[in-house]
1. Kindly evaluate B:Gln154 against the criterion of being more than 12 Å from ligand 1 (Cβ to nearest atom), at pLDDT 95 or above and out of contact with any Gly (no Cβ under 8 Å at 6 or more places or on another chain).
2. Looking only at region A:167-216, count every residue that is surrounded by 17 or more Cβ atoms within 10 Å (Cβ to Cβ), part of a loop (DSSP other than H, G, I, E, B) and under 16 Å from the mean Cα position of the chain (by Cα) and tell me the total.
3. State the number of residues belonging to region A:78-107 that are open to solvent by 10 Å² or more (accessible area, probe 1.4 Å) and either within 16 Å of A:Met245 (Cβ to Cβ) or assigned to a loop (DSSP other than H, G, I, E, B) (or both).
4. Among the residues of region A:128-137, write down those that are open to solvent by 100 Å² or more (accessible area, probe 1.4 Å) and either in contact (Cβ under 8 Å) with a residue 60 or more places away in the chain or touching a Leu at 6+ places or on another chain (Cβ under 8 Å) (or both).
5. Among the residues of region A:231-238, is there at least one that is within 14 Å of another protein chain (Cβ to nearest Cβ) and at pLDDT 95 or above?
6. Within region B:87-100, does at least one residue satisfy the condition of being surrounded by fewer than 24 Cβ atoms within 10 Å (Cβ to Cβ), within 23 Å of B:Lys233 (Cα to Cα) and more than 16 Å from ligand 2 (Cβ to nearest atom)?
7. Could you tell me which of the residues B:Arg29, B:Arg80 is open to solvent by less than 50 Å² (accessible area, probe 1.4 Å) and either over 29 Å from B:Phe176 (Cβ atoms) or within 11 Å of chain A (Cβ to nearest Cβ) (or both)?
8. Please count how many residues of region A:4-34 are over 18 Å from A:Val54 (Cα atoms) and either among the charged types (D, E, K, R) or buried (at least 23 other Cβ atoms within 10 Å of the Cβ) (or both).
Amino acid sequence: MTAIVVEGCDLRLEFLLRMGDNCLVLGHRLSEWCGHTPVLEEDIAIANVSLDLVGQTQLWLGLAGEVEEKGHSADNLAYLRDAGGFRNFLLVEQPNGSYGQTLMRQFLFDAWHYFMLRRLEHSSDKRIAEIAEKAVKEVTYHLERSTDLVIRLGDGTPESRAFMQEALEMLWPYTGQMFDADSLDDAAIASGLMPDLADIRPDWDTQVNRVLKAATLQVPKEAWLHKVGARSVHTEHLGYILADMQFLQRSYPGATW
Amino acid sequence: MYAQMVKTDADRVKSLDEMEPVERAFQQRIDAGEKIEPKEWMPEGYRKTLVRQISQHAHSEVVGQLPEGNWITRAPTLERKAILLAKVQDEAGHGLYLYCAAETLGVSRDDLYEQLLAGRAKYSSIFNYPTLTWADIGAIGWLVDGAAIMNQVQLQKTSYGPYSRAMIRICKEESFHQRQGYEIMSVLASGTEEQKAMAQDALDRWWWPSLMMFGPNDADSAHSAESMKWKIKRESNDELRQRFVDRTVQQAETIGLTVPDPDLKWNEERGHYDFGPIDWDEFWNVVKGNGPCNRDRMKARREAHENGRWVREAAAAHAAKKAARKTAA
Ligand SMILES: [Fe+2]
Ligand SMILES: [Fe+2]
């Protein structure tokens with residue numbers, strides 16, 4: 001496959017990093033809950049989702065390393081890039097907060113992830129379509145689970161509704177970025193590599209509105225959305241994630257583990 | 001072990017002649033190697049001992065998530081992270097099966113868990129030690145899961161059916177954990193000088209606490225006799241500890257690590273390794289709550305429980321609403 005280069009970036013590589021980094025960062029965030037969730041069953045369930053995302057990271061970043069042709073493995077890409085090299089959404093790097101905040105973040109992302117992967121199964125790039133086909137099976141379950149939990153906790157007690165509403169208001173401003181195509185997205189869409197984000201949007205809206213309604217939660221009315229710049233710009237949180245995640249690889253350069 | 005200090009109520013073991021007919025019949029079934037099932041008659045002491053042992057074991061699995069969980073976010077590769085996540089997830093699963101087994105004895109998981117949080121129930125002393133480096137994750141899998149297997153293999157033959165079946169399931173996963181831990185250690189031991197030092201340091205710190213996992217010496221183990229008579233326990237603390245030492249010393253040699261015991265010596269006559277005295281003061285201190293991490297571990301569990309209260313209440317409230325809507329419809 002010949003590389004499509006836009007603004008000095010290999011489109012395919014850029015796209016793979018965007019998919020992989022979302023999985024990597026969110027999988028990492030979820031793993032922080034291990035042993036600290038409200039109930040043993042949730043320890044197990046959240047570890048499952050985290051494991052799926054770590055596995056998907058290996059697929060996306062593994063292919064990214066191949067495409068890049070610099071001999072980088074998925075681990076090299078995960079553990080040796082600095083924050084500016086990461087392409088994940090700001091949403092997924094947000095702190096876990098309360099369990100409700102973690103689940104709300106999961107739901108808002110899962111809904112995007114699911115509809116994205118469903119369409120990516122028809123990507124013009126066969127390798128990408130294959131990964132999507134595998135990942136969508138797992139993400140179907142992720143979305144079912146987070147949908148169910150958002151409804152149960154929203155429509156639970158007055159206290160739980162307040163927790164969930166607060167989480168929604170806190171996270172909502174980060175949802176805009178998921179549909180805000182930049183010039184690289186536009187080129188990837190034009191090439192058939194990825195679906196048009198404008199096509200995913202209505203599905204996401206429908207799912208999110210239905211679930212939030214069942215959860216008795218209100219979409220923030222005059223919701224302002226974070227105006228996000230380049231995908232290389234992050235919130236303060238990513239640096240700390242990487243400080244943890246990359247500690248051993250950075251402290252013992254070249255060692256194998 | 002995961003249940004190191006299980007008290008029984010008897011000062012001494014009754015003989016068959018001294019028993020009431022129903023108790024004698026029960027003991028005869030045990031002696032014949034039959035399994036006891038939940039709805040069947042059992043002496044109150046048998047039931048209580050089992051509840052203590054199974055719940056201590058369950059609590060150990062749950063608290064045991066914490067020291068290893070401490071390194072999940074810092075695991076050095078994606079594969080190591082996935083393996084560690086899956087391992088800690090298995091331990092949570094073990095906790096669940098064991099609470100279920102305990103519940104067949106007429107106690108509730110919530111009550112048992114409250115006892116743990118209130119500091120009235122014990123869990124294995126080993127989880128009160130800190131995980132300071134990545135090598136500790138290898139050492140835990142290798143030594144702690146390795147010691148757990150020694151105990152749990154014999155518990156597969158324990159007389160209480162649900163406990164025995166839980167153990168059969170759990171043992172398969174524990175031996176997987178043990179191999180993964182040993183593999184981490186062998187990679188480190190054959191790595192850079194720094195990695196090798198890390199591996200040796202972890203072995204130095206985890207060796208003695210691992211031997212303590214088997215509980216006091218048989219001579220000081222007042223409650224073992226009754227558990228043995230009921231076949232709740234099938235082998236003594238010292239037998240299990242010896243088997244663990246014999247196996248582990250060779251594994252350490254294979255990867256070029258040194259067991260931190262100057263008295264360790266192969267005894268041709270016994271066919272076992274002799275090993276040095278265990279610091280029982282340290283053991284009792286940790287059991288009594290004064291280990292390096294007892295307070296941290298309990299604080300983490302209490303915080304998780306307290307912070308999760310609204311989530312559990314909401315789930316219950318939602319289920320009630322849903323049921324009410326169904327009835328109304
Ligand atoms: Fe376990
Ligand atoms: Fe284990």
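1. No.
2. Qualifying residue count, region A:167-216: 2.
3. Total satisfying the criteria: 11.
4. A:Lys134
5. yes
6. So far as region B:87-100 goes, yes, one or more of its residues are surrounded by fewer than 24 Cβ atoms within 10 Å (Cβ to Cβ), within 23 Å of B:Lys233 (Cα to Cα) and more than 16 Å from ligand 2 (Cβ to nearest atom).
7. Just one listed residue meets the conditions, B:Arg80.
8. 4
The values are calculated or read from the model by the stated rules, or taken from the named source; none is laboratory data. Quick caveat: nothing in here was measured; it's all calculated off a predicted structure. Cβ: placed from backbone, ideal geometry, glycine included. Neighbour counts: every protein chain shown. Heads up: the accessible areas ignore ligands, DNA and RNA and are worked out on the full protein's heavy atoms, side chains in. Shrake-Rupley method; radii C 1.70, N 1.55, O 1.52, S 1.80 Å.
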